[in-house]
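Asks: Let me give you the structure first, and then I'll get to my questions.
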Amino acid sequence: MKAKELKDKNEKELRMLLEEKSRKIEETRFKGASGGLKNVKEIKENKKDIARILTILNQK
């Protein structure tokens with residue numbers, strides 16, 4: 001997700017997106033531990049998205 005897209009969202013939407021990404025990281029880690037993970041880069045991408053969301057929230 002691009003920062004430009006995130007800037008257009010309101011605070012409530014950003015918090016919901018943040019919660020969703022956090023859950024997705026948790027699920028991905030669980031899949032990785034059980035050996036069912038195919039896209040290893042998914043965790044890294046979600047962490048970057050969370051950092052972008054937090055940055056936008058702090059700016060607002």
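Laboratory data are not the source of any read-out in this text; all were calculated from the coordinates shown. Values in this document were obtained by computation on a predicted structure and should not be read as measured data. Cβ sites come from the backbone with ideal geometry, for glycine too, and all protein chains shown count toward neighbours.
Asks: Identify all aspartates and glutamates with a Cα-Cα distance to LYS44 below 14 Å; exclude those on the same chain that are fewer than 8 residues away in sequence.
Replies: GLU26, GLU27
Asks: Just LYS38, LYS24, LYS47 to compare: in a GNM of the chain, with alpha carbon springs under 10 Å, which one fluctuates most?
Replies: Maximum among the listed residues: LYS38.
Asks: Would you list THR55, THR28 from fewest to most Cβ contacts within 10 Å?
Replies: Numbers: THR55 11, THR28 19.
The fewest-first ordering by Cβ neighbours comes to THR55, THR28.
Asks: What does the charge dipole of the stretch 3-59 about its Cα centre add up to, to the nearest 20 debye, if the Cβ of each Lys and Arg holds +1 and the Cβ of each Asp and Glu holds -1? Please report the intermediate quantities before stating the final value.
Replies: Numbers: 16 positive and 11 negative charges, 44 e Å.
The calculation lands at about 220 debye.
Asks: Taking the chain as a Gaussian network, where each spring joins two C-alpha atoms under 10 Å apart, which residue of LYS48, LYS12, LYS21 fluctuates the most?
Replies: Top of the fluctuation ranking is LYS12.
Asks: Among the aspartates and glutamates, select those whose C-alpha is under 17 Å from the C-alpha of LYS4, and discard any that sit fewer than 8 residues away in the same chain.
Replies: Straight-distance partners of LYS4: GLU13, GLU45, ASP49.
Asks: Sort MET16, MET1 so that the residue with the fewest other Cβ atoms within 10 Å of its own Cβ comes first and the one with the most comes last.
Replies: MET16, MET1
Asks: Please report ASP49, ASP8 as a ranked list, fewest other C-beta atoms within 10 angstrom at the top and most at the bottom. Don't jump to the answer; show the numbers that get you there.
Replies: On the way: ASP49 20, ASP8 8.
Placing the least packed residue first, the sequence is ASP8, ASP49.
Asks: Have a look at LEU54, VAL40, PHE30 and report the one farthest towards the positive end of the charge dipole of the chain, computed about the Cα centre with Cβ charges (Lys/Arg +1, Asp/Glu -1).
Replies: Working it through, the farthest residue towards the positive pole turns out to be VAL40.
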